[in-house]
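The values are calculated or read from the model by the stated rules, or taken from the named source; none is laboratory data. Predicted model, so just to flag it, every value in this text is computed and none were measured. Cβ atoms come from the backbone with ideal geometry, glycine included; neighbour counts cover every protein chain shown. The area values use the complete protein model at the heavy-atom level, side chains included, leaving out ligands, DNA and RNA. Shrake-Rupley method; radii C 1.70, N 1.55, O 1.52, S 1.80 Å.
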Amino acid sequence: MVTVRLPDGSQRQFNAPLTVAQVAASIGAGLAKAALAGKVDGKVVDTSYLIDHDIDLSIVTDKDADGLEVIRHSTAHLLAYAVKELFPDAQVTIGPVIENGFYYDFSYKRPFTPEDLEAIEKKMAELAKKDEPVTRKVLPRDEAVAYFKSIGEAYKAEIIESIPADQDVSLYTEGKFTDLCRGPHVPSTGKLKVFKLMKLAGAYWRGDSKNEMLQRVYGTAWAKKEEQEAYLHMLEEADKRDHRKLGRALDLFHFQEEAPGLIFWHPKGWVVWQQVEQYMRRVYQDNGYQEVKAPQILDRSLWEKSGHWENYKDNMFTTESENRSYALKPMNCPGHIQIFRSNMHSYRELPLRYGEFGQCHRNEPSGSLHGMMRVRGFTQDDGHIFCTEDQILDECVAYTALLQKVYKDFGFTDIIYKIATRPEKRVGSDEAWDKAENALIASLDRSGCQYEISPGEGAFYGPKIEYTLKDAIGRMWQCGTMQVDFSMPVRLGAEYVAQDNSRQIPVMLHRAILGSLERFIGMLIENHAGALPLWLAPVQVSVVNISEAQADYAHAVAENLKKQGFRVHLDLRNEKITFKIREHSVQKLPYIVVVGDKERDANTVAVRARGNVDLGVMPVDVLVERLKSDLDTKA
C-alpha cells in the first residue's frame, strides 16, 4: 500500500507502486494533461517517476515556477536536438537554464549565422509538433562514456569522465536525440510550444580561455504566448532605455578602452551626479550622520586583520611601495573603524553614525563589466553605525523607514526585502550570527515588511537585508543593504567605555541606501528613459527666441530663472523655432520656454512641458511657482 499526501491535505492510497503521471490521472483528466513534472518530498521529478513508498506529492504544471523551469530546461534539449538534425557534425556540450530562458553551447566547424538561427528555431517547432515522448534511462558511468564516444560526442564523454567511476548517470531521449542530463524534463516535446532563439555568442569550453571557443545559442521559453510577448516587449523597452545609449545621446558620460570599467563624466552628467550626492548629503545631515573620508589605499596588514585579504583578495587591486604591500579599498568599513578607534568613545555617544561618499575599486573580470551597472571604480553612499546590541533593532527599523523615503523621492515605490543569512565561508561565532540574523528579522517584522530568506547569501562578516527595487518596466535592481557585524570591530580593535567603565566591543552596522552611485544613476536613467524629473535634470529649462528681435528679452528671462536657482540653457541661435524645439525635445528637457514678440511685449512666456505638452502663455513668476512646486514634490 502506497499513501500519497497532496498539497490540500488530502491523501490517496494505492495498492501498488505507480508513477506521478498515474497519480495525476487518478485525480482528473485535466490535471493529467497539464502535468509537466511532480514534486516528491520537495524534489522535482519526471512524471515517469515511480512512487513505491509513502510521500508528499504535488503535480507541477505550467502555472508553477518549477514548471517554467522544467519547460526551459526541456527547450534547451529541444534546441540541441534541432541543431543535430540540421548540423549532424555539430557536437553538443552543456545547456543550462538561466534567468528568463536557457542557452546551449556547441562545437561546429563554422560560425552559426542569423539565418542558421532562424532555421534552428523552425526545426525546433517541427520537432515539438511531433509530440515525441521524452524518456529517461540510467547507465553506469563507464557505459555512458562509451556510448557518447561511439556517437562522436567527445564533450559529453569528457563531462561524464569527470564523474566518480562508481556513480550512475541519467540520459534522456526524445526521437533520435539522446543527451546527458539529471532532469527532470517534460513528458513529451509537445509540451514545448512557446519559445524563441535570441542571439549567438562565443563561450570557451569550461569557461577557460585556453580551451576551444564554442558557439552559444541563447533562447527564451514560456508557458504562454502572452508571457513571452510581454518579455520581448520588456526587452525592446530596455533597449530603448539602455543607459549607455542615452548617456551618449544626452551627452552625460562615456566609456573608452583605455579605462575599462571606469566612467568619463561630461558636464551634464556630472550635474546629475551632484544632485544625487547633495541629496544624499542632506539625508546624512538630517538623520544624525557625521560625514567622514578615509584613505583610498591601506596597508595589506589592515586588510588581513579585517578578513578581506583572506576572503576577498582576488577582487582587490594591489600595489607596492618601499617594500610594503597595499590595496585600493574595495569597501569603506575598515577605514571607518580606524576613525572610530582614533578616540575613546563613551556609551553615551552611541549610536555613532558615520557616512562617506567612499570611492572604491574592485578588480571585476572584464567580461562582467556592463556600462555603469558593473564597473571597477565606483562611489558608495556608505555608512557605518557603531552601537550596542540593545540599539540594533531600533537602528534597523529607522533605517528601513529612511530608505523607503529616499527611494520614493527617486521614483521607486516597489521594494522587495530579502534577508541573506550566513554563508559557509565566514568569520565569527554561530552565537554572534544567531543574534545578527534574529535582529534583522525582528526589524523587518516591526517595520511591517514582507520578506524572503536567502540562505547562505550573507557577507563573510555578517548577515544582511537586501533591498531590491522594481523599475518602470518590471526589472529588479538590488541596491540598499543593512548588515549586522559582530566580528570586524573585534578584529580591528574597536572599543567604547560602557556605563560600568568597562571596555566593550560595539556592534557595527554596515548600510548603504543607493549602493553604488554610478549604478544607481544608470538605473535612474533607464527607469525614466532619460527623461529625468526636474530636480535631477541637468538642464531644467531651455529658453528659446523666435527671432533676433526677442534676443534681449530671452536673455533677461534666462537670467531671471538662473537667479531663482534653476539650471537654464539659453538658445539664441539663428535657426527656425520648430528646429530648436525639436532639438531640445530630443534632449528630454523638462521645460522649453519660447518667447516671441507677443510674449516680449506682454512680459510673458509660452511654455512647453516634456512630451510636447503645450501649457500655454503665462507670466514668468507663474512659471517660477510651477517649477518650485515640481522641485518640492520631486515630481
Looking at VAL44, VAL40, can you tell me which residue is more than 17 Å from LYS63 (Cα to Cα) and surrounded by 11 or more Cβ atoms within 10 Å (Cβ to Cβ)? VAL40
When the residues of the range 412-437 are narrowed to those that are among the charged types (D, E, K, R) and farther than 18 Å from HIS308 by Cβ, which ends up most open to solvent (accessible area, probe 1.4 Å)? GLU431
Being under 17 Å from LYS199 (Cβ atoms), surrounded by 14 or more Cβ atoms within 10 Å (Cβ to Cβ) and acidic (Asp, Glu) is the filter here, so list the residues in the range 229-253 that pass it. ASP242
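Return a yes/no flag: does the range 331-354 have any residue that is farther than 27 Å from LYS435 by Cα and hydrophobic (A, V, I, L, M, F, W, C).
No, the range 331-354 contains no residue that is farther than 27 Å from LYS435 by Cα and hydrophobic (A, V, I, L, M, F, W, C).
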Return the residue satisfying two criteria in turn: it lies in the range 469-518 and is part of a loop (DSSP other than H, G, I, E, B) and without any contact (Cβ under 8 Å) to a residue 40 or more places away in the chain, and of such residues it is nearest to ALA230 (Cα to Cα). ILE505
The number of residues in the range 265-286 that are open to solvent by 20 Å² or more (accessible area, probe 1.4 Å), part of a helix (DSSP H, G or I) and of a type in the set (A, V, I, L, M, F, W, C) is 2
I want to confirm something. Restricting to the range 287-322 and keeping residues that are open to solvent by 40 Å² or more (accessible area, probe 1.4 Å) and acidic (Asp, Glu), which single residue is nearest to MET488 (Cα to Cα)? GLU304
Answer residue from the range 438-468, given it is part of a helix (DSSP H, G or I) and free of Cβ contacts under 8 Å to residues at least 40 places away in the same chain and is least open to solvent (accessible area, probe 1.4 Å) among those: ILE441
VAL624: farther than 18 Å from GLY530 by Cβ, assigned to a strand (DSSP E or B), open to solvent by less than 20 Å² (accessible area, probe 1.4 Å) and at pLDDT 95 or above, yes or no? no
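Test PHE378 against the criterion of being surrounded by fewer than 20 Cβ atoms within 10 Å (Cβ to Cβ), in a strand (DSSP E or B) and either in contact with an Asp or Glu (Cβ under 7 Å, 6 or more places away or on another chain) or β-branched (Val, Ile, Thr) (or both), and give yes or no.
no
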Residues of the range 135-152 being in a helix (DSSP H, G or I) and loosely packed, with under 15 Cβ neighbours inside 10 Å, in sequence order, are ASP142, GLU143, ALA146, SER150
Scanning for something open to solvent by less than 40 Å² (accessible area, probe 1.4 Å), closer than 19 Å to GLY67 by Cα and part of a helix (DSSP H, G or I), does the range 95-112 turn up at least one residue? no
Could you please find all residues in the range 392-419 being of a type in the set (A, V, I, L, M, F, W, C) and in a helix (DSSP H, G or I)? ILE392, LEU393, CYS396, VAL397, ALA398, ALA401, LEU402, LEU403, VAL406
Search result, residues across the range 153-187 that are closer than 14 Å to SER48 by Cβ, outside any loop (DSSP other than H, G, I, E, B) and either open to solvent by less than 20 Å² (accessible area, probe 1.4 Å) or free of Cβ contacts under 8 Å to residues at least 12 places away in the same chain (or both): SER170, LEU171, TYR172, GLU174
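Can you name the residue in the range 566-584 that is in a helix (DSSP H, G or I), in contact with a strand residue (DSSP E or B) (Cβ under 7 Å, 6 or more places away or on another chain) and not hydrophobic (A, V, I, L, M, F, W, C) and, of all such residues, is surrounded by the fewest Cβ atoms within 10 Å (Cβ to Cβ)?
Among those that are in a helix (DSSP H, G or I), in contact with a strand residue (DSSP E or B) (Cβ under 7 Å, 6 or more places away or on another chain) and not hydrophobic (A, V, I, L, M, F, W, C), it is LYS580.
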